[in-house]
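The values are calculated or read from the model by the stated rules, or taken from the named source; none is laboratory data. From a predicted model like this one, the values you see are computed outputs, not experimental measurements. Counting neighbours? That spans all protein chains shown, and the Cβs are built from the backbone with ideal geometry, glycine included. Accessible surface is based on the protein model in full, side chains and every heavy atom, while ligands, DNA and RNA are left aside. Shrake-Rupley method; radii C 1.70, N 1.55, O 1.52, S 1.80 Å.
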Amino acid sequence: MDKNKRTAGDILRYVILIAAACIFVFSAVQLIQIFLEYRAGTEEYEGLLKYVQTEPAEDVEETVPEEPEKEGPVPPDIDWEGLRKINGDIIGWLQIEGTEINYPVVQGTDNSYYLSHTFEKNENGAGAIFIDCANSRDFQDCNTIVYGHNMKNGSMFGTLRKYFQSEESLPGNYIWMCTPEKNYRYEIFSSHVVDSGGEAYTLFSAPDQQFQEYLDRMKAQSLVDFHIKPGMEDKIITLSTCTGDEATRFIVQARQEGEY
């Protein structure tokens, strides 16, 4: 009788050991897959940086008299032709001054595809930086929504909250949104946590008093005082990323400061 009990106990221990081993192997495989996906996404976007130049190229030989240097901020220089050959959905290039956030911007026919597909249209959890499908491509709407994933490795909008949730962590106050037609520089006026389906994502048909009231509320909710008061005639962008809580999102909002 005791021998049978020991045998049954041994079997149970073996079953538990095998189950634990299976769980360990499954978890290890999942982690490896996540790591490989992260690496693939990061390598793809790092490869795209060859299409953007953030500093003026040095002249090899002077063939014409030097022109006076232009005063003011210098936008990134983008190879639009090269990027269009990769993906015709490209509409812009986003760069946040003082950060590593430096990505092409696309617009799809819906707000789902680029959640799981990169700029090169590879299926990948990193997705792409994209604007709302209901927005105009020229960034002339009252409020243009720009989405990006909060990646754990810091890519995409993974560092957005780290930089803009407090005054101490601010890298600067400006954002570049370059397009094939014009380069826009935006100054940030608000950053805060919002409801995932809240009023922050409102698209306005005209710059009216309702839009002004919206801007006042967004500024009032900001975690940081950027000392900028947007007006109803301003064109703004709302950068949006997840927080780890399905009910909320973190946003950074900025108004067009000028064209360059």
> Which of the residues that make up the range 114-173 are basic (K, R) and in contact with a helix residue (DSSP H, G or I) (Cβ under 9 Å, 6 or more places away or on another chain)?
Replying inline: K121, K152, K162
>> Suppose we filter the range 179-202 for residues that are assigned to a loop (DSSP other than H, G, I, E, B) and open to solvent by 70 Å² or more (accessible area, probe 1.4 Å); how many remain?
In response: 3
> List, please: which pairs have Cβ atoms under 9 Å, are six or more places apart or on different chains, and start with a residue in the range 207-229 that is farther than 22 Å from D141 by Cα and β-branched (V, I, T) and end with one that is open to solvent by less than 30 Å² (accessible area, probe 1.4 Å) and in a helix (DSSP H, G or I)?
Replying inline: V224/F164
>> When you check S205 against the structure, is it polar (S, T, N, Q) and over 28 Å from E46 (Cβ atoms), yes or no?
In response: yes
> Taking the range 108-123 as the region of interest, how many residues are in a loop (DSSP other than H, G, I, E, B) and either surrounded by fewer than 20 Cβ atoms within 10 Å (Cβ to Cβ) or among the aliphatic types (A, V, I, L, M) (or both)?
Replying inline: 9
>> Among (1) part of a helix (DSSP H, G or I); (2) over 26 Å from P104 (Cβ atoms), there is one condition P230 misses while meeting the rest; what is its number?
In response: (1)
> What about A247, is it at pLDDT 95 or above, loosely packed, with under 14 Cβ neighbours inside 10 Å and hydrophobic (A, V, I, L, M, F, W, C)?
Replying inline: yes
> Would you pick out the residues in the range 231-244 that are open to solvent by less than 10 Å² (accessible area, probe 1.4 Å) and of a type in the set (S, T, Y)?
Replying inline: T238, S240, T241
> Does at least one position in the range 204-219 carry a residue that is under 23 Å from S169 (Cβ atoms) and either in a loop (DSSP other than H, G, I, E, B) or among the charged types (D, E, K, R) (or both)?
Replying inline: yes
> Are any residues in the range 109-166 more than 13 Å from the chain's Cα centre (by Cα) and at positive phi, and if so, which ones?
Replying inline: K121, F139
